[in-house]
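**Q** Okay, handing you the structure first.
The values are calculated or read from the model by the stated rules, or taken from the named source; none is laboratory data. Fair warning: this is a prediction, and the values are worked out from it, not measured in the lab. Note: ideal-geometry Cβ built from the backbone for every residue, glycine included; neighbour counts use all protein chains shown. Please note that ligands, DNA and RNA were not included when accessible areas were found on the heavy atoms of the full protein model with its side chains. Shrake-Rupley method; radii C 1.70, N 1.55, O 1.52, S 1.80 Å.
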Amino acid sequence: QVQLVESGGRLVQVGGSLRLSCVASARTLGSYVMGWLRQAPGKEREFVAAINWSGDSTHYADSVKGRFTISRDILKNTVYLQMSDLTPEDTAVYYCAAALSYSGLPVFVKMYNYWGQGTQVTVSS
C-alpha cells in the first residue's frame, strides 16, 4: 500500500509561483511511479506530471510544459511540483498519486492506484 499526503496549495496571483509537496509512505517506493494530477471546477481529473524514483524520467502535460517541474527527494520520501507563471486555468485541486511501475510513465488518470486527499490551488486574476 501507498499513503500520500499533499501540502502547499494556496491562493496565488497570476504569474506567481507555488511549490507543492507530497510525502509518500510505502514499503518499496521504488516500485511505483509518482504523479501529480489535478481537477478543475466542472472538469474531469487530468494528468499533470509524472516521475520515477530514480529521477531519470519525467513527463508533463502540454498545458504545463515549461512552467511546472516535478522532482523527488528519495531520502525524504517526497515528491514536489514546482509551479511557475501560473494562470487562472491552473486553478484546481491538485492530487499526488502513485502507480505501479512498468515500461513508460503513466499519463492517464485511470492508471494510478493510490491517491492523496488533494490540495487546493487557486490562481487569482
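**Q** Take THR122 and tell me if it is over 25 Å from GLN1 (Cβ atoms), open to solvent by 60 Å² or more (accessible area, probe 1.4 Å) and in a strand (DSSP E or B). Can you show your working first?
**A** Values: over 25 Å from GLN1 (Cβ atoms): yes; open to solvent by 60 Å² or more (accessible area, probe 1.4 Å): no; in a strand (DSSP E or B): yes.
So THR122 does not fit the description; no.
**Q** Open to solvent by less than 60 Å² (accessible area, probe 1.4 Å) and not hydrophobic (A, V, I, L, M, F, W, C): is that true of THR69 in this structure? Spell out the reasoning first.
**A** Working: open to solvent by less than 60 Å² (accessible area, probe 1.4 Å): no; not hydrophobic (A, V, I, L, M, F, W, C): yes.
Answer is no for this residue.
**Q** Does any residue in the stretch 68-95 that is closer than 17 Å to SER54 by Cβ and assigned to a loop (DSSP other than H, G, I, E, B) come within less than 8 Å, Cβ to Cβ, of a residue that is modelled with pLDDT of 95 or more and open to solvent by 10 Å² or more (accessible area, probe 1.4 Å) six or more places away or on a different chain, and which pairs are these?
**A** Within 8 Å, the pairs are LYS76/VAL23; ASN77/VAL23.
Residues checked against (1) within 19 Å of MET111 (Cβ to Cβ); (2) at pLDDT below 95; (3) under 15 Å from the mean Cα position of the chain (by Cα):
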site	(1), (2), (3)
GLY16	no, no, no
SER25	no, yes, no
VAL33	yes, yes, yes
TRP53	yes, yes, yes
THR78	no, no, yes
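**Q** Out of all the residues in the stretch 1-54, which are open to solvent by 70 Å² or more (accessible area, probe 1.4 Å), under 16 Å from ALA97 (Cβ atoms) and polar (S, T, N, Q)?
**A** Across the stretch 1-54, the qualifying residues are GLN1, GLN3.
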